[in-house]
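The values are calculated or read from the model by the stated rules, or taken from the named source; none is laboratory data. Predicted model, so just to flag it, every value in this text is computed and none were measured. Reconstructed Cβ throughout: ideal geometry from the backbone, glycine too, with neighbour counts over all protein chains shown.
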Amino acid sequence: MPAQEWIICAFVFALGCIIGSFLNVVIYRLPREKSLVTPGSACPACGKPIRFYDNVPLVSWLLLGAKCRHCKARISARYFVVELLTGTLFLGLYLLYFHTGIRPIVQVTGGWLVYVVHVILLAAFLAASAIDLELWVIPLSICWTVTAVGLVGSTVAGLLIEPDLIQVYGLFPAASPLTGALALGGVLGLCVSWLLLKTGLLKRSYEVPDEVAQAADDGPEKDVSAPALDDYPFQHRREACLEVLFLAPIMAGVLLAWLVTKGTGPVATWWAGLLDHAPLVGLLGSVFGYFVGCAVVWTTRILGTLAFGKEAMGLGDVHLMGAAGAVVGPMMIVIAFFIAPFFGLGWAFFQMFFKKTRQIPYGPFLSLAVFTVMIFHDWIWNRFAALFLG
């Protein structure tokens, strides 16, 4: 490897560690509804501000012996682990994408955009997984950020990378006239669903009555990891039906779009011509991937809730997979969904035998599955094509 590549690798790793330091702020503050910007970093135990020389990723934790300089309170090893893991992800993905043949994007002009979008997804999902492991919740703002990055990246890719290469290598989601129409119909249906929620014609699922929520807020300070409202006696099958009602306009929009654009009529011809524009192909492909990612988890959630009479999977998992679908596309996100249970089996057995619980936070295993399909995309695609496309 040339000397300049070693410098680049060192820079990428250091950048990842710096991002990891920021992720630690996200992991601690976001679920506690604190600002990510102000105030500056401080010791949770004594409240003393942390000086810049005590906030150097990896190094400061080691030099301080994992203790606060002022009060000697223990600093969690999570800070060091997240920084190291983020740096390793940044460097590992760079080496895999640009120095191996596992995904030959180095051959493509603008291939750096794939790396940037993917590494943002991995960093965000690392933070979401850490929060899910600790507090059993996935902040939706993380999912929406990744979704926005996926939509923008897929749109811009059509301007920076040859459209044919995007589809050959599967670098970004790309819509066909059919999937593009379905995506647009889904967006229109989603707008209707949001309007129904805003006007009160449709009620949100798992919404605690205002008086109960107010009473909880006025009560003694609660632990964010075990909110008192968790014990509210929801009728889970009823809540699942509310979610079906929310999804009904989206499904209707998809069906209407399919009916309008199918065949060889003037509308279908006009629509197919419109899909000659690469940025629109990327945008709608990303939107379709988002809907497919949401659909596979939400369908499982609703069917599981109706079958067992208790909430199956969380809405955070729905948004997490939707965000991933906006980046990796519809086919890969479905494969990731079916890979995820294999990652969760070991953890589930450990929990059952040693902690006597059958519940597991599923976000980390969905994230691992998404990481897997990103890395082995070409291998998976080749096998899929051989099986189903001859």
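Each row is one residue, and each column tells you yes or no for (1) in contact (Cβ under 8 Å) with a residue 60 or more places away in the chain; (2) of a type outside the set (F, W, Y).
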{"position": "Y115", "(1), (2)": "no, no"}
{"position": "L126", "(1), (2)": "yes, yes"}
{"position": "P139", "(1), (2)": "yes, yes"}
{"position": "G158", "(1), (2)": "yes, yes"}
{"position": "K203", "(1), (2)": "no, yes"}
{"position": "Y206", "(1), (2)": "yes, no"}
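Pairing residues of the range 296-309 that are assigned to a loop (DSSP other than H, G, I, E, B) with residues that are surrounded by 14 or more Cβ atoms within 10 Å (Cβ to Cβ) and not small (G, A, S), at Cβ distances under 8 Å and at least 6 apart in sequence or on separate chains, gives G309/H236; G309/R237. Out of curiosity, is I131 in the same structural domain as A348 (by TED's automatic domain parsing) and either touching a strand residue (DSSP E or B) at 6+ places or on another chain (Cβ under 6 Å) or under 16 Å from A324 (Cβ atoms) (or both)? Spelling it out, it is not the case that I131 is in the same structural domain as A348 (by TED's automatic domain parsing) and either touching a strand residue (DSSP E or B) at 6+ places or on another chain (Cβ under 6 Å) or under 16 Å from A324 (Cβ atoms) (or both).
Any residue at all in the range 236-258 that's at pLDDT below 95 and outside any helix (DSSP H, G or I)? No, every residue in the range 236-258 fails to be at pLDDT below 95 and outside any helix (DSSP H, G or I).
Entry remark, the range 1-59: residues being modelled with pLDDT under 90 and of a type in the set (G, A, S) number 7 in total. Taking the criterion of being in a helix (DSSP H, G or I) and small (G, A, S), the residues of the range 310-347 that qualify are G316, G322, A323, A324, G325, A326, A336, A340, G344, G346. Could you grab me the full set of residues in the range 298-338 that are within 20 Å of E243 (Cα to Cα) and among the aromatic types (F, W, Y)? Those that are within 20 Å of E243 (Cα to Cα) and among the aromatic types (F, W, Y): W298, F308.
Within the range 153-184, which residues are part of a helix (DSSP H, G or I) and hydrophobic (A, V, I, L, M, F, W, C)? Across the range 153-184, the qualifying residues are V156, A157, L159, L160, L165, I166, V168, L178, A181, L182, A183, L184.
Residues that are free of Cβ contacts under 8 Å to residues at least 12 places away in the same chain, among the aliphatic types (A, V, I, L, M) and surrounded by 15 or more Cβ atoms within 10 Å (Cβ to Cβ) within the range 55-100 comprise just one, V56.
Might you check whether a residue that is part of a helix (DSSP H, G or I), of a type outside the set (G, A, S) and more than 16 Å from the chain's Cα centre (by Cα) occurs anywhere in the range 124-142? For the range 124-142, residues part of a helix (DSSP H, G or I), of a type outside the set (G, A, S) and more than 16 Å from the chain's Cα centre (by Cα): present. Of everything listed in (1) part of a loop (DSSP other than H, G, I, E, B); (2) under 30 Å from G111 (Cα atoms), the single unmet condition for K34 is (2).
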